[in-house]
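So the structure is just underneath, and the comments pick up after that.
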Amino acid sequence: MLSPRASPYCSLVAHGTHDYDDDERNANILIHVRGELVPRDQATVSVLDSGFMLGDGVWEGIRVHNGALAFGDAHLARLYEGAAAIDMDIGKTPDELRAIINETLVANEMTENVHIRLMITRGVKSTPYQDPAFTITDPTIVVLPEYKMPRPETLTRGMSLFTVHVRRGRPDVQDPKWNSHSKLNCISACIQAAKAGADEALMLDPQGFVATCNSTHFFIVRHPDGPSGPPEVWTSTGDYCMPGITRRNILKLCERHGIVAREKNFSLTEVYGATEAFVTGTFAGVAPVTSVDGRTIGSGERGQIVESLQGFYVDLINEVTGV
């Protein structure tokens, strides 16, 4: 069994939302690369590819449940919005792209416990230079499916976060709403958190309010009217984070189940005083956070609101995939 944190650097991190146990079936999967299905050990892109050289591209992570793409329309909508923002013509309609994904799944006989990384770059360039005019091919489309599930303890044990100095940037620098291949901002935050012994980085916005994590979205649970008062779920305004699909679904689930949810500015002081905290993402769904910057959040264990939202989210996935 391979560890997802097999390198000396990765061993610094105890656990996190993207922890998984390797599945030996992944060694033999077929990956869609530029119109061909090729074995995993032969799946490569050119050294002149825009994504490899410059991080010029967009991507999505999508779960497969009951043979269907969970929230597939929302993921593709975000992908095409990001491509339009960087003036990249994918060259395929959403239906054509969905057909490529389905073809890859059928070829691998994959229907459950699958995570897809869909990657699209601007294409191969004639020479190493950033100007898109030097791109000489159609966009590079890669569909990489894996048998991959979060470890069960991720949903119960609780993560530790560390607030890093790396900020989420303003949209006039590099729009944080892009799910682009250029992730050095988040990678730098991840490294700082790992060096501090935490599982993931908590990132602030340019004004010092809580924004998001380096690879997930962050929520807290507060009781503004006192411990006996009704709980409220808070997350950032969304101005400085990627438009998370799981994040949006959790906000909708709060509304559906009568839980007050607010998108607002809040500071680390309000994080430290929260009764619960959690993060959301496509891979693990909803995962509890039990400490931030060495401060224990609430009881230090998964709370009632988090556990309820986890159940609501599983029901929602079953609902949208026809279970």
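Figures for the structure shown
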| read-out | value |
| --- | --- |
| Checklist (1) outside any strand (DSSP E or B); (2) closer than 23 Å to Glu153 by Cα applied to Gly226, failing item | (2) |
| Residue tally, condition outside any loop (DSSP other than H, G, I, E, B), out of contact with any helix residue (DSSP H, G or I) (no Cβ under 7 Å at 6 or more places or on another chain), closer than 28 Å to Gly61 by Cβ and β-branched (Val, Ile, Thr), over region 242-299 | 5 |
| Some residue of region 134-155 being at pLDDT below 95, in contact with a strand residue (DSSP E or B) (Cβ under 7 Å, 6 or more places away or on another chain) and polar (S, T, N, Q) | yes |
| Residues of region 193-238 satisfying the condition of being among the acidic types (Asp, Glu) and under 17 Å from Pro288 (Cα atoms) | Asp199, Glu200, Glu232 |
| Total residues in region 300-323, condition among the basic types (Lys, Arg) and out of contact with any helix residue (DSSP H, G or I) (no Cβ under 9 Å at 6 or more places or on another chain) | 0 |
| Positions within region 78-92 being in contact (Cβ under 8 Å) with a residue 12 or more places away in the chain and out of contact with any Lys or Arg (no Cβ under 7 Å at 6 or more places or on another chain), in sequence order | Arg78, Leu79, Tyr80, Gly82, Ala83, Ala85, Ile86, Asp87, Asp89, Ile90, Gly91, Lys92 |
| Contacts under 7 angstrom Cβ, first residue in region 20-34 being within 21 Å of Thr154 (Cα to Cα), partner in a strand (DSSP E or B) and of a type in the set (Phe, Trp, Tyr), 6 or more apart | Asp23/Tyr147 |
| Meets criteria (outside any loop (DSSP other than H, G, I, E, B), farther than 26 Å from Phe278 by Cβ and either under 20 Å from the mean Cα position of the chain (by Cα) or outside the structural domain of Thr44 (by TED's automatic domain parsing) (or both)) for Val142 | yes |
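The values are calculated or read from the model by the stated rules, or taken from the named source; none is laboratory data. Fair warning: this is a prediction, and the values are worked out from it, not measured in the lab. For neighbour counting, all protein chains shown are included, and Cβ atoms are generated from backbone atoms with ideal geometry for every residue, glycine included.
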